[in-house]
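Heads up: the structure comes next, in structure tokens.
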Amino acid sequence: MESTLQKPALWPTDFSLPRCKGMIIGFWTVTAIFCLQMIFTAYAQLRLPEVAEAFTRLGFPGYFRVELSWAKLLGVALLLGPAPARLKEWAYAGFAINLASALIAHLAVGDGPEAWGWAAGTVVLWGLSYFFWRRVQAAPVLR
């Protein structure tokens, strides 16, 4: 005799919903931390004289520091706001170029981990955010 009871919507062996929720939670958590880091560095580049001096020591002109800060703020707005996927992809690409350039610049002048460690840590956040974003984009829409 077959039971007339139906399975609940979320049966213990059905992991699709929690995995999707987990991806979304992971995306927003890591992306928020990454964006806070980018906002902080943009602020520091615009307002803190020691950061301006560090840019000069790395060989960058002053105007580049200002352009880079505004580009970071624009990228953060694209990642956090409702923007087309192609623009978000460009924002991620811009951040990747920025972070790789920061690491290369610090290593080229012989800086130690205390100088390039923040950029390396931010690369990890960037990678996790991008990973989760691609997974969320590929996931089917839940109803």
Query raised in the report: Just checking, how many residues over region 81-105 are loosely packed, with under 14 Cβ neighbours inside 10 Å, in contact (Cβ under 8 Å) with a residue 40 or more places away in the chain and under 15 Å from M38 (Cα atoms)?
Result: 0
Query raised in the report: V109 passes all but one of (1) of a type in the set (V, I, T); (2) at pLDDT 95 or above; (3) open to solvent by 30 Å² or more (accessible area, probe 1.4 Å); (4) under 29 Å from I25 (Cα atoms); which number fails?
Result: (4)
Query raised in the report: Are there any pairs with C-beta distances below 8 angstrom linking a residue in region 106-130 that is of a type in the set (A, V, I, L, M) to a residue that is at pLDDT 95 or above and outside any helix (DSSP H, G or I), with the two at least 6 apart or on different chains, and if so which?
Result: none
Query - Hits in region 32-52 (condition: over 21 Å from the mean Cα position of the chain (by Cα) and either in contact (Cβ under 8 Å) with a residue 40 or more places away in the chain or in a helix (DSSP H, G or I) (or both)) - result: R47, P49, E50, V51, A52
Requested in this report: Could you check D14 against (1) touching a helix residue (DSSP H, G or I) at 6+ places or on another chain (Cβ under 9 Å); (2) at pLDDT below 95 and say which number it fails?
Outcome: (1)
Query raised in the report: Among (1) acidic (D, E); (2) surrounded by 13 or more Cβ atoms within 10 Å (Cβ to Cβ); (3) over 25 Å from C20 (Cα atoms), where does E50 come up short?
Result: (2)
Query raised in the report: Within region 53-73, which residues are without any contact (Cβ under 8 Å) to a residue 12 or more places away in the chain and surrounded by fewer than 16 Cβ atoms within 10 Å (Cβ to Cβ)?
Result: E53, T56, P61, G62, Y63, F64, E67
Requested in this report: Sort through E50, E2 and tell me the only one that's at pLDDT 95 or above and over 20 Å from L128 (Cα atoms).
Outcome: E50
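The values are calculated or read from the model by the stated rules, or taken from the named source; none is laboratory data. Nothing here was measured: the structure is a model prediction, and the numbers come from that model. Backbone-built Cβ (ideal geometry, glycine too); neighbour counts: all protein chains shown. SASA here: full protein model, heavy atoms, side chains in, ligands and nucleic acids out. Shrake-Rupley method; radii C 1.70, N 1.55, O 1.52, S 1.80 Å.
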